[in-house]
1. Positive end of the charge dipole of the chain (Lys, Arg +1 and Asp, Glu -1 on Cβ, about the Cα centre): tell me which of Val32, Gln105, Val71 has its Cα farthest that way.
2. Express in nm, to one decimal, how much length is gained between Thr46 and Lys93 on full extension, taking 0.36 nm for each residue of separation and deducting their alpha carbon distance.
3. Measuring from label point to label point, each 7 Å out along Cα→Cβ, what is the Trp104 to Thr27 span in nm?
4. Select from segment 74-161 those trypsin sites (Lys or Arg not before Pro) which occupy a DSSP coil region and have at most 13 other Cβ atoms within 10 Å, ordered by residue number.
5. If exposed GluC sites (Glu not before Pro) are those in a DSSP loop with at most 12 other Cβ within 10 Å, what is the longest stretch of the chain that has none?
6. Along the Cα→Cβ direction, 7 angstrom out, place labels at Ala128 and Lys3. What is the inter-label distance in nm?
7. Strictly over 26 Å apart at the Cα level, which of Lys47/Lys142; Lys18/Lys93; Lys69/Lys93; Lys3/Lys142; Lys18/Lys45; Lys45/Lys69 would you flag in this model?
8. Can you give me the C-alpha center-to-center distance between segment 95-123 and segment 32-66, rounded to a whole angstrom?
Amino acid sequence: CEKDLNLSVALRLEEKLKALGAEVVMTRTEDVTLGLEDRANLIRKTKPDLAVSLHRNSAGEGSDIRNYKGVLGLYSHQQSAALAQTLQQALLKGTGYQDDGFRWQSLAVCRIEECPTALLELGFVSNASDYERMSRASTRNKEAEAICQGILDYLAPLGAA
């Protein structure tokens, strides 16, 4: 299930970032539902250096699902474009997923202006090859590794890495 795949990657990512000395604030560490506004408010309250939201994409009903695959980075404010692009590029390099691009989209969790925010679509659950890949624990570990590297790549020019 999508939420389990995402949580698995998030927990792996948290572990990797903490091992590097980062302070990590998670919106969830177990199978609980947290509303979009609650997530946004948590980010505003904690004032992180950046925020990353992990998701899986899906093609719409009636779509030819073979045409929908890959990794997508999304942002809602120009200040976040570089973060979304850097993370998306790191995922491509680290996972072998197809490039679905990075682009602007008005998303609740990315409309936060207090810090750069990116939403990552880690493959399409509706695409058989993407789903088979993301179902493997080794792939989820690669996703976490790649996102971690992308965060380091993003922070390096800022002198924070």
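1. Going by the Cα projections, it comes out as Val71.
2. Working: separation 47, 0.36 × 47 = 16.92 nm, distance 3.06 nm.
Gain on stretching Thr46 to Lys93: 13.9 nm.
3. For Trp104 paired with Thr27, the spin-label model returns 2.2 nm.
4. On the way: sites: Lys93, Arg103, Arg111, Arg133, Arg136, Arg140, Lys142; in loops: Arg111, Arg136.
Filter output for segment 74-161: Arg136.
5. My reading of the result: 62-112 is the longest stretch.
6. My value for the distance between the label points is 2.8 nm.
7. Details: Lys47/Lys142 28 Å; Lys18/Lys93 22 Å; Lys69/Lys93 16 Å; Lys3/Lys142 18 Å; Lys18/Lys45 20 Å; Lys45/Lys69 35 Å.
Pairs exceeding 26 Å: Lys47/Lys142; Lys45/Lys69.
8. Centre-to-centre (Cα) distance: 9 Å.
Any read-out appearing in this document is the output of simple, stated calculations on the displayed coordinates, not a laboratory observation. Remember, it's a predicted structure, so these values are computed and weren't measured experimentally. A quick note on method: Cβ atoms are made from the backbone with ideal geometry, for glycine too, and the neighbour counts reach across all protein chains shown.
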